[in-house]
Amino acid sequence: MVGLGQLFLPRYFFPNDGDILKRMDDQYKRLETRLDTIESKINAVFESAEKTRKYFLWTFIMGIVVVLLPLLFLPAFLSSFMGTLAIPGL
């Protein structure tokens, strides 16, 4: 028996059960492949972010070595240097 809605609506609104399961399986497979590609892209972004973090860390460490260490040792070198100079009145 045909319902009243089936008389006015197209066939694709009322597929049989096999068609629904097949479409759901196809959609599941497509979704799974998209999730796999998204996951691989996220992993690539994470690796890139970790490399960038390490570059910033080493840049910070080298900045400290190049700038702060000479400033720490400057008074000791200056005092020894000024002691060797024979400038009267200092």
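Readers should treat all values here as calculations from the given coordinates under stated rules, not as data from a laboratory. These figures come from a predicted structure and were not determined experimentally. Virtual Cβ from ideal backbone geometry, glycine too; neighbours counted across all protein chains shown.
Side notes on the structure shown:
- Counting only lysines at least 8 places from K51 when in the same chain, those with an alpha carbon closer than 23 Å to its own are K41.
- Paramagnetic label zone (point 7 Å from Cα along Cα-to-C-beta, F73; backbone N under 17 Å) in the stretch 50-64: 62-64
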